[in-house]
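The structure appears right after this line, and notes come after that.
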Amino acid sequence: MNLTEPTYLAKINAHERDSHVIFDEGPHIYTVDGDSSFTSVTTWNHSHFGHFDADKIIDNMMNGRNWKPGYKYYGMTKDEIKASWDKNRDESAAAGTKMHYDIECYYNLMDIKNDSIEYKWFLQFDDWVKRETNMLPYRTEMIVWDKELKLCGSIDMMYMNECGEIELYDWKRCKEIKKTSWNKYSTTECIGHLPDSNYWHYSLQLNTYKYMLEKNYGLKVNGMYLVCLHPNNKTKTFMKIKVPVLEEEIKDLMALKLKMVEEEKLKKSEEKAKKKVEKKDTIWDLLEPVKKKKKNKECYVCKKTKGTKVYIVDQYLMGLEKYRYCKRCANIQLNNYYPKKGYY
């Protein structure tokens with residue numbers, strides 16, 4: 001479904017970096033200056049926690065003491081349970097997408113028709129913002145990126161307070177925000193103390209946005225919050241939940257991400273070099289003849305000049321400086337580096 005893009009806030013509070021990034025919503029790909037190898041912040045954060053294993057969870061459920069008549073899923077097969085979960089996930093995702101879009105339209109002065117309970121909770125939250133704070137809407141769904149870390153992401157809501165500082169808000173249409181997770185924790189060592197629960201997933205995401213904004217956008221983030229807008233909220237209104245600043249955790253994670261980016265660069269460089277070597281047929285294919293010599297140059301090793309055809313050994317393949325060698329010395333140099341290649 002094609003939806004009109006809300007742009008009012010993006011125009012009046014534009015940032016120079018906005019023009020460098022494009023987001024393709026279908027495959028969920030961010031492209032920065034033509035480079036589509038960026039990782040989304042959501043994907044990056046999910047990589048630090050275990051994957052949802054439906055079969056394992058259902059097995060544990062069926063073998064548990066609560067598996068008896070009267071239990072919600074009792075009498076259903078594994079496939080039926082998974083199908084019900086998939087249906088619920090898809091319906092929740094569709095409702096969440098509409099809620100996010102309508103809130104974005106609201107702040108960008110577009111007409112909205114939404115009679116849902118969750119949107120009612122949002123309007124109550126907006127009334128609270130206007131009544132109890134001095135914040136003004138700054139940006140909706142702002143895409144932020146970090147070229148060094150190869151990270152990109154979209155921030156649900158940014159308000160600016162009277163001091164010119166930013167507060168980040170994340171709209172959530174989930175039944176519950178959990179802080180604990182039955183003795184399950186992050187699988188990444190530097191944040192292994194963080195529980196594998198949605199509260200900490202969301203906290204990491206907002207803290208990552210805070211880091212990117214303060215590093216690249218010249219903005220100071222003063223606070224981060226989750227706003228739960230599920231129709232079954234126990235409070236019968238919005239739930240505003242403050243998120244802690246995870247300075248050390250983010251520092252360690254960003255160092256880890258930078259290391260991974262550098263390792264990926266090195267890997268690609270080595271693969272390129274390997275392919276270059278594999279294309280060579282003979283030892284002399286590894287040499288670069290000196291062209292257009294105005295005067296004869298001596299061999300770097302034996303210092304001969306007369307009658308010597310001079311070659312340059314490829315520094316990319318051998319990791320050496322580009323010194324000039326006669327044929328005999330070049331052969332020796334290459335033999336030292338490629339003794340088993342069968343070039344001669």
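The values are calculated or read from the model by the stated rules, or taken from the named source; none is laboratory data. Please read these numbers as outputs of a predicted model, since none were measured by experiment. Neighbour counts are summed over all protein chains in view; Cβ atoms, including those assigned to glycine, are modelled from backbone coordinates with ideal geometry.
Points to keep in mind about this one:
- Residues satisfying the stated conditions in segment 23-33, i.e. at pLDDT 95 or above and exposed (fewer than 15 other Cβ atoms within 10 Å of the Cβ): Asp33
- Set Leu213, Leu206, Leu226: member being over 17 Å from His48 (Cβ atoms), among the hydrophobic types (A, V, I, L, M, F, W, C) and in a helix (DSSP H, G or I): Leu213
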